[in-house]
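Following: one structure in C-alpha cells, then a few remarks.
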Ligand code: UTP
C-alpha cells in the first residue's frame, strides 16, 4: 500500500476564516483517490495562530506559551477538516505515535501540531518517517521553492529540483531574515533527508497539483530529494 503525507498549510484552509469550499473539494478529491493509498494529513495553524501569536507577543508572553497557542489552532483546524471526511479519525491525535496507531485503522489520518519548538512541517516529516511514507507533499501558498522570498523580491527564481542540502541551505538563509516566511523548516528537511522521503512543494489550492504527484509522480512545483 502506498502512503502519502500532506502538510496542509494553515494559509490554505484558514487564512481569513475557514476556507470551507476548499476543504469540501479537497476532502472529496482525497476520498475519491485509489482506495489502496493511505494518507496522513497534517494541518497548519493559519490566520488564527498568526493573529493570536502576534497579539500576545506584544505583551511579552513567552514563546513556549505562544507555541502552545499555535498548536491549539492547528488542532482546531485539523478537527474542522475531519468534519468533511467519512473515512478519517474524528478525534485529533496529539502525538505522531498516536497518529501512527490511528493510521492502522483509518485510510486518512488527520492531525495538527504536537509539541512546542517546531512547526507542522516537522510533524509532517516525522509522521511520514513513522508510517513509511516516501512522498511528502508540502501544500503551501507559494507554488515552489524560490531563490529568495518571491513575496519580497521580484527577481526571485523558482527552482524545480533541489537536493536536500541545497534546500537546507536556502531554508536556513530564509530563517535568518526578520519576519521570515520559510518554505519549509530545516528540521523537517533534515528528517526527510535521513529517511529519503521525497518532498514536493506545491500551491496547495490547486487540486491538479496533488493529482499530478499522486498519479504520475510529476509536478510543476519543486521537488527536494
Ligand atoms: P504552523 O505549522 O502552521 O506554523 O503552526 P507556520 O509554518 O508558522 O504557519 P503557516 O505554514 O505559515 O500557516 C503554527 C504555530 O504553532 C506552533 C508554532 O508556534 C507555529 O508557528 N507549533 C505548531 C508548535 O509549536 N508545534 C507544532 O508541532 C506545531
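Bear in mind that the values in this text are calculations on the coordinates, not laboratory data. From a predicted model like this one, the values you see are computed outputs, not experimental measurements. As a convention, Cβ positions derive from the backbone with ideal geometry for all residues, glycine included, and neighbour counts pool all protein chains shown.
In summary, the convex hull built on the alpha carbon positions of the range 61-111 has an orientation-averaged projected area of 3.5 nm². Counted over the range 135-225, the DSSP beta bridges are approximately 40% antiparallel. Taken over the C-alpha atoms, the chain has Rg and Dmax values of 16.3, 49 angstrom. Restricted to Cα atoms, the range 33-130 shows a radius of gyration and a Dmax of 14.2, 49 angstrom. From most to least packed by mean Cβ count within 10 Å, the peptides 136-143, 214-221, 154-161, 54-61 give 136-143, 214-221, 154-161, 54-61. Across 67, 121, 86, mean-square fluctuation computed from a Gaussian network of the chain (C-alpha pairs under 10 Å connected) peaks at 86. With the alpha-carbon atoms of the range 165-225 aligned to their principal axes, the span from lowest to highest coordinate is 36, 26, 14 Å, starting with the largest.
The range 119-205: percent of C-alpha pairs farther apart than 19 Å?
Details: 1242 of 3741 pairs.
It works out to 33 percent of all Cα pairs.
Each listed q (0.20 Å⁻¹) maps to a log10 I(q)/I(0) for the range 1-84 from the Debye sum over equal C-alpha point scatterers, namely -0.88.
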